[in-house]
Amino acid sequence: MLTILFDGIAYGMLLFVIACGLAVTLGLMNFVNLAHGAFAMLGGYCAYVLVNVYGVPFFASLPVAFMFAAMIGLLAERTLYVHFYNRSHLEQVLFTIGLVFMTSAVVDYFLGSQQRFINLPAYLQGRFDFFGVGIGKYRLLIILVCALILIVLQLILGYTRFGSRLRAAVDDQRIARGLGINVNWVFALTFAVGCGLAGLGGALGAEILSLEPHFPLKFMIYFLIVVSVGGTSSITGPFLASILLGIGDVAGKYYAPRYGGFVIYTIMIVVLVLRPQGLFARGTSK
Amino acid sequence: MNTGNTVQDSVTALKKKRAWHWLEYVFWLAAAASVFLLPSQHALLTQIAIWSLFALSLDLLLGYAGIVSLGHAAYFGFGAYVAALFAINFTGEPITGLIVAGIAAGLLGLATSLLVLRGTDLTRLMVTLGIALVMYEIANQMSWLTGGADGLTGMPVNPVLGIFPIYFRPANSYAYVLIVCFVLFFVAKRIVHSPFGYSLRAIKGNPLRASSIGIPNNLRLIAVYTIAASYAGIAGALLAQTTPVVSLTYIDFQRSADVLLMLIIGGTGYLYGGVVGSALFLVAQKFIGNITPQYWEFWIGFALVVIALFARDRGVFSIFERILGALRNDKAKP
């Protein structure tokens with residue numbers, strides 16, 4: 001029972017790390033980015049190639065995965081995404097689905113369609129008992145890393161100059177521009193960091209999330225759920241939503257494997273219908 | 001100039017728009033001729049016709065009412081399953097099956113429209129996607145009824161109205177699909193050029209103004225959503241009747257995405273966008289799919305990105321227009 005809770009939290013933490021970048025693009029920049037999972041997949045494959053083909057240590061591959069996804073994210077933002085900021089949601093949807101299809105096919109072409117596993121170092125395998133609760137070492141690592149990321153993110157958003165610029169740009173773009181903040185650059189950087197975090201999450205969670213070319217489509221709905229249920233007014237909303245989703249999903253798969261997906265989608269619809277602003281949002285949007 | 005004249009003028013203008021364009025006559029005559037002239041391509045043509053009908057139903061939503069849907073396959077698949085189950089349990093007469101499937105899918109659309117019509121574009125996207133996913137899960141889990149992942153087989157297809165056999169007769173079944181499509185296109189054309197159709201476009205243009213001139217926005221949107229769902233259900237039933245198995249692919253995300261892509265390729269808001277789009281899409285799929293079956297996905301993605309970048313609501317035509325425009329500019333410069 002507690003083990004399920006633990007696994008669920010690990011899963012939820014992963015979802016959060018991947019989806020928090022999406023919370024910014026979707027919620028703050030009002031951009032429907034269905035391709036967010038593609039960046040997570042790229043990070044995952046980057047780590048896979050490094051660890052399994054070149055024998056790089058697992059921990060060393062994580063920052064590389066982050067940088068790789070972030071660079072590609074920045075490149076995509078500056079060359080492609082930037083044309084779509086003022087377009088309709090439909091055009092954004094078409095464009096990002098197109099990106100997803102293309103990345104899936106490219107990954108399929110170079111790395112094959114089967115599921116890939118990253119060779120974990122021996123000290124991350126297995127589990128130990130902690131007061132009767134079985135704790136997987138790998139999942140413990142995920143929780144620790146993700147918690148660290150969460151704290152760092154909170155500190156950056158709350159206490160740095162960049163954080164206050166981002167919050168200003170999000171609250172009111174026009175006034176932020178008027179105050180001399182380079183909103184485009186703030187958004188581009190945020191987008192890149194969001195993609196980087198997605199890549200890091202993808203690398204970290206390759207074992208749990210099953211890395212294969214159709215990863216972005218499979219998890220697209222999960223990331224969207226996290227963002228739409230959690231709302232976008234803070235980091236805590238998506239965080240709570242992803243923990244809930246993680247626990248719900250793991251528990252659902254464990255106790256009622258036949259109805260797991262069904263329950264989650266239904267809950268999502270109900271939440272969206274009752275509270276279009278998100279479960280934890282504080283009221284009005286712009 | 002008095003007001004009577006202007007009203008008269010606009011009425012004549014509207015009537016003119018409602019009348020059939022000569023290209024439409026040409027198109028339908030060509031379609032009828034293809035039954036006799038292209039016997040080797042009937043399988044492909046049947047696919048094109050069915051996808052066109054499906055895309056038409058999405059066009060009613062997207063092109064006329066401005067409702068974005070990422071889960072339109074929910075109604076397509078539901079119609080297909082209903083038609084198959086009806087044929088297995090009651091009668092295999094195709095027209096009855098179509099009507100039942102249309103009514104059932106319409107009722108599902110009516111019920112779900114209440115969920116879809118709240119909130120913004122983004123919420124609608126998520127909710128339609130969610131509905132399709134739930135329908136997929138239901139079809140997957142109720143395997144005692146739907147066959148689950150194995151699909152539903154053994155559906156009897158009797159002669160149409162008891163006299164016109166279509167089972168395993170490609171020419172006849174293509175003719176049957178074409179006639180159904182023609183009737184439904186005819187009805188759709190009447191719908192979009194009725195006052196109802198114009199009120200939809202008003203809502204799409206500006207919901208606030210539409211409601212302040214007295215259009216009951218929500219009722220109109222519910223109505224068009226129901227009609228579109230019903231159309232999608234009939235398209236699904238047609239596919240079920242012309243292919244031997246109804247499976248989960250009838251209802252999956254790929255189908256919702258494909259139909260959206262076809263409609264966008266062809267352009268929204270003039271009913272025939274789906275025909276152009278599905279014809280281009282399926283023919284391209286046949287050719288590119290023959291060369292690199294695995295990486296067809298890449299080219300769909302590429303097409304989507306290019307269309308999203310350059311085309312607005314006229315699909316491929318706006319790309320042609322842009323190229324033409326660019327050529328003209330080049331000529332004008334020196």
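Residues that are at pLDDT below 85 and in contact with a strand residue (DSSP E or B) (Cβ under 8 Å, 6 or more places away or on another chain) do not occur anywhere in segment B:321-331.
Residue B:106 fulfils the conditions (1) under 30 Å from residue A:32 (Cα atoms); (2) in contact with a Leu (Cβ under 7 Å, 6 or more places away or on another chain) except for a single criterion, (2).
The set of residues from segment A:212-228 being within 11 Å of chain B (Cβ to nearest Cβ) and part of a loop (DSSP other than H, G, I, E, B) comprises A:213, A:214.
When you check residue B:240 against the structure, is it in contact (Cβ under 8 Å) with a residue 12 or more places away in the chain, in contact with an Asp or Glu (Cβ under 9 Å, 6 or more places away or on another chain) and crowded, with 22+ Cβ neighbours inside 10 Å, yes or no? So residue B:240 fails the test. Scoring residue A:133 on the criteria (1) surrounded by fewer than 19 Cβ atoms within 10 Å (Cβ to Cβ); (2) in contact with a Ser or Thr (Cβ under 8 Å, 6 or more places away or on another chain); (3) at pLDDT 85 or above leaves a single failure, condition (3). Of everything in segment A:68-92 that's more than 14 Å from chain B (Cβ to nearest Cβ) and surrounded by fewer than 16 Cβ atoms within 10 Å (Cβ to Cβ), which residue is farthest from residue B:310 (Cα to Cα)? Step by step, filter segment A:68-92, then rank; the result is A:71.
Here's the yes/no breakdown for (1) of a type in the set (S, T, N, Q); (2) in contact with a Phe, Trp or Tyr (Cβ under 8 Å, 6 or more places away or on another chain); (3) not in a helix (DSSP H, G or I):
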| site | (1), (2), (3) |
| --- | --- |
| B:260 | no, no, no |
| B:265 | no, yes, no |
| B:271 | no, yes, yes |
| B:280 | no, no, no |
| B:284 | no, yes, no |
| B:289 | no, yes, no |
| B:297 | no, yes, no |
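Check whether at least one residue in segment B:97-115 is closer than 14 Å to residue B:227 by Cβ and within 10 Å of chain A (Cβ to nearest Cβ), and report yes or no. Yes; the residues of segment B:97-115 include at least one that is closer than 14 Å to residue B:227 by Cβ and within 10 Å of chain A (Cβ to nearest Cβ).
For every residue, the table says whether it meets (1) surrounded by fewer than 24 Cβ atoms within 10 Å (Cβ to Cβ); (2) touching a residue at least 60 places away in the same chain (Cβ under 8 Å).
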position: A:197; (1), (2): no, yes
position: A:212; (1), (2): yes, yes
position: A:215; (1), (2): no, yes
position: A:252; (1), (2): yes, no
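For residue B:124, the stated conditions do not hold, so it cannot be described as within 16 Å of residue B:67 (Cβ to Cβ) and free of Cβ contacts under 8 Å to residues at least 12 places away in the same chain.
The values are calculated or read from the model by the stated rules, or taken from the named source; none is laboratory data. Everything numeric in this text was worked out from a predicted model, so none of it was measured. All Cβ positions, glycine included, derive from the backbone under ideal geometry; neighbour counts span all protein chains shown.
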